[in-house]
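> Okay, handing you the structure first.
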Amino acid sequence: MTITIVGAGLAGCEAALVLARGGLSVRLLEQNPIQRTPAQVSDAPAELVCSNSLRSNNPLNAVGLIKEELDHLQSPLLALAREHAVPAGDALAVDREGFAHGVRMALKEEPLIEQRAEVVTDWGPGPEPWILATGPLTAEGLAGRIQQEVGERLAFYDAIAPIVEADSLDRNIIYAMSRYGKGDGADYLNIPLTQSEYLAFLEAVLAADRVQAHDFEDLKYFEGCLPLEVMAQRGVETLRYGPMKPVGLPDPRTGRDPYAVIQLRAENQAGTSYNMVGFQTRMKWGDQRRIFQSLPGMGEARFLRLGVVHRNTYVDAPRCLDDRMALKGQPHVHLAGQITGCEGYVESLSVGHLLAQLLLCDGAGTPWICPPETTALGALWGHLRGAHKAPGAAHEPNNIHWGLFPPLEGRWKKAERKARRLDRARQDFQAWLEATGRSIVSGGSQGTLRRIS
Ligand SMILES: Cc1cc2nc3c(=O)[nH]c(=O)nc-3n(C[C@H](O)[C@H](O)[C@H](O)COP(=O)(O)OP(=O)(O)OC[C@H]3O[C@@H](n4cnc5c(N)ncnc54)[C@H](O)[C@@H]3O)c2cc1C
């Protein structure tokens, strides 16, 4: 059996190396150097197209934890990133060229990987598996082919609003209520603003720094999904007639509708994270934090994700992929990397890794058992399966963050929660490693797991 992978980016290279090291033949098709994505500047495999940072190494941060898990699974790309690390505090940043050279050599030295330059516009017939790992800037022909399968469930742009942790909101000010008491009457959390607070907010939004569009981004916004700052530019009242409409939401402290309201909608079933409704934005992240934390009841707000609007090709994975990340109706065509609706270098390679493990299990005739959702890898996979989503919430690209994990059982003091979530993840990951036949020992310098075979 030969597995064909389209795209030698982070997900594609990780999957190719895992599969080949597991004994399966791989054909890796990459359009570069025939043509490049507009973000690529070289013909290096797994090119880091922007920052050279793979973000935090600290396992109390979910992206640090996912790296710890990938280390235990002997992720080839993470090992190369560590080999080519440059000093960056508690983050893992890499020497870009060293890393790229390392990936190129690893692919070359692998006899089971055949590499070919090809601009792919379609996949082959089954049953041999295909993996489409063509990333956020998937070339047009193939994107069109995927669109034939999934229709409007393929998106070409992100328009993402910030997500905030529920327990960081001041509930003496922010109140639960649905407009005119619809639904169960308390489906949203509401941030009330006076006129002077509204005008100050507007002024801050208009003055904020924005992320500049790339040359290849043709930012024609949908009227129903305009960035916050574009609405603010249209006039003083535009936001008050849009996402900050105050009617039908009387503040329990005054009994009157506030001058303006920002609504927060539950992002997960447990109600531990909330989405700022209609607040998709291209403001720079530092400005977003500063401006949103200046809102009433938001002084201590902790953001799980900040807003973005950018070019990004991705599918509505929970609806158009099956449990094996294959297109529904095309069970041999799997997707991996950012095109599934994860976001970021580490997340993309994680999905490539997990999918390769799944296909290795197929090859060995053993059942695939996904890491539990309490682990970082399992939470990321769960995000792509729509796990824990509040009803009606859309599938939006996400970095790994604690809001994607199931909530803790029992009540924990705020200060203890991070450590408790980490303990739970490590215990469950260890149990999963054991259940799937990997040998490990507990311990290590920081209580981490260490793999011994
Ligand atoms: C401008 C920009 C800046 C970004 N900055 C960051 C950042 O700083 N940090 C971060 O974590 N993430 C960043 N991202 C997101 C980043 O792209 C992903 O995290 C990561 O690269 C996705 O990995 P991937 O393997 O899914 O796709 P990619 O790494 O994009 O790899 C996809 C590969 O598929 C190839 N390909 C596409 N279509 C075809 C085709 N039809 N036939 C053959 N080959 C094809 C491409 O040439 C490419 O090599 C950025 C994205 C963009 C667009």
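The values are calculated or read from the model by the stated rules, or taken from the named source; none is laboratory data. This one's a predicted model, so the numbers in the text were calculated from it and none came from an experiment. Heads up, the Cβs are rebuilt from the backbone with ideal geometry, glycines too, and the neighbour counts pull from every protein chain shown.
> Among the residues that make up the stretch 241-259, is at least one of them in a helix (DSSP H, G or I) and more than 24 Å from the chain's Cα centre (by Cα)?
Yes, the stretch 241-259 has at least one match.
> Select from the stretch 169-209 the residues that are crowded, with 16+ Cβ neighbours inside 10 Å, β-branched (Val, Ile, Thr) and more than 28 Å from the chain's Cα centre (by Cα) and list them in ascending order.
Within the stretch 169-209, just Ile173 meets the criteria.
> On the basis of being touching a Phe, Trp or Tyr at 6+ places or on another chain (Cβ under 8 Å) and near the ligand (Cβ under 6 Å from one of its atoms), does Val49 make the cut?
No.
> For the stretch 377-403, name all the residues that are within 16 Å of the ligand (Cβ to nearest atom) and either modelled with pLDDT under 85 or touching a strand residue (DSSP E or B) at 6+ places or on another chain (Cβ under 7 Å) (or both).
Scanning the stretch 377-403 gives Leu380, His383, Leu384, Glu396, Pro397, Asn398, Asn399, His401.
> Let me ask another. Tell me which residues, restricted to the stretch 108-154, are touching a Pro at 6+ places or on another chain (Cβ under 9 Å) and of a type in the set (Gly, Ala, Ser).
The answer is Ala117, Gly126.
> Moving on to the next point. Restricting to the stretch 8-44, name every residue that is in contact with a helix residue (DSSP H, G or I) (Cβ under 9 Å, 6 or more places away or on another chain), more than 7 Å from the ligand (Cβ to nearest atom) and in a loop (DSSP other than H, G, I, E, B).
Of everything in the stretch 8-44, those that are in contact with a helix residue (DSSP H, G or I) (Cβ under 9 Å, 6 or more places away or on another chain), more than 7 Å from the ligand (Cβ to nearest atom) and in a loop (DSSP other than H, G, I, E, B) turn out to be Gly22, Gly23, Leu24, Ser42, Ala44.
> Of all residues in the stretch 329-376, how many are within 16 Å of the ligand (Cβ to nearest atom) and in a helix (DSSP H, G or I)?
Residues in the stretch 329-376 being within 16 Å of the ligand (Cβ to nearest atom) and in a helix (DSSP H, G or I): 17 in total.
> Step by step: first the residues of the stretch 52-87, then only those that are within 13 Å of the ligand (Cβ to nearest atom) and part of a strand (DSSP E or B), then the one that is farthest from Lys108 (Cα to Cα). Which residue is that?
Ser56
> Looking at Ala139, Ala166, can you tell me which residue is among the aliphatic types (A, V, I, L, M), crowded, with 18+ Cβ neighbours inside 10 Å and within 11 Å of the ligand (Cβ to nearest atom)?
Matching residue, one of Ala139, Ala166: Ala139.
> Do you know which residues across the stretch 421-435 are within 23 Å of the chain's Cα centre (by Cα) and surrounded by fewer than 17 Cβ atoms within 10 Å (Cβ to Cβ)?
If the condition is that a residue be within 23 Å of the chain's Cα centre (by Cα) and surrounded by fewer than 17 Cβ atoms within 10 Å (Cβ to Cβ), then Asp423, Asp428 are the ones that fit.
> Any residue at all in the stretch 267-274 that's under 21 Å from Glu197 (Cβ atoms) and either buried (at least 22 other Cβ atoms within 10 Å of the Cβ) or away from the ligand (no atom under 16 Å from the Cβ) (or both)?
Checked the stretch 267-274: at least one residue is under 21 Å from Glu197 (Cβ atoms) and either buried (at least 22 other Cβ atoms within 10 Å of the Cβ) or away from the ligand (no atom under 16 Å from the Cβ) (or both).
> Please verify whether the stretch 377-388 includes one or more residues that are assigned by TED's automatic domain parsing to the domain that holds Ala62 and over 14 Å from the mean Cα position of the chain (by Cα).
yes
> I've got another one for you. What is the number of the single condition among (1) of a type in the set (A, V, I, L, M); (2) within 14 Å of the ligand (Cβ to nearest atom); (3) without any contact (Cβ under 8 Å) to a residue 12 or more places away in the chain that Met105 does not meet?
(2)
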